[in-house]
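The structure appears below as structure tokens.
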């Protein structure tokens, strides 16, 4: 439970710290969430997450072999967690993270923004409160709002290391559950349209964590 608690907070930090998001965003670029998405991770992401969980536990006397077994088990479960299956675990949805639970974390639909950070125990999302898994609904859109997907894992990792550029400055608009990038001048008259929601975006990766939490304006 201690390791999962530390993993929950490190995962949140990866989403809301601009520098860490540049690393973690590699994992979120996949437009289709399946078991292969679980291994689309920047090497620094893995190293930092494992370090955050391992160092405190080892310092207070936890057995190294036991921790190694936990990491192996969690890695296998993370692969399963990214499976493209509609399993929510029914009444156990609040006890163990399910594939549907994690798919809401990966969605670009605004309801799932900043939700479901736990890797194993949703109790942390319930407690802090970042839990979101509505009954009878499945997320349909995945990836990163406003982000072009580089060609492959290597390209994505190099893109994350190279700089902040993620697109042209402007605005993102949503129509229902879909988002599109447009210029700021184009967006101005659309703010009054009742069917659209508009969020300002400066075109950089650094702004994306804030965008995910932005108050969408009518």
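Only the coordinates and a few stated rules stand behind these numbers; no lab work does. The structure displayed is predicted, hence computed values, not measured ones. Positions of Cβ are generated from backbone atoms using ideal geometry, with glycine treated the same way; all protein chains shown enter the neighbour counts.
Worth pointing out:
- Applying 1/(1 + (r/R0)^6) with r as the Cβ-Cβ distance of residue 34 and residue 60 and R0 = 30 angstrom yields a FRET efficiency of 0.20.
- Model label sites at residue 127 and residue 46, defined 7 Å from Cα along the beta-carbon direction, differ in position by 2.9 nm.
- Our estimate of slack between residue 71 and residue 140, defined as 0.36 nm per intervening residue step minus the Cα-Cα distance, is 21.8 nm.
- With neighbour counts taken as other beta-carbon atoms within 10 Å, the residues 36, 29, 59 rank, fewest first, as 59, 36, 29.
- Ranked for footprinting exposure by Cβ neighbours inside 10 Å, fewest first, 94, 8 give 94, 8.
- Alpha-carbon centroid distance for the pair the range 2-29 / the range 78-121, whole angstrom: 16
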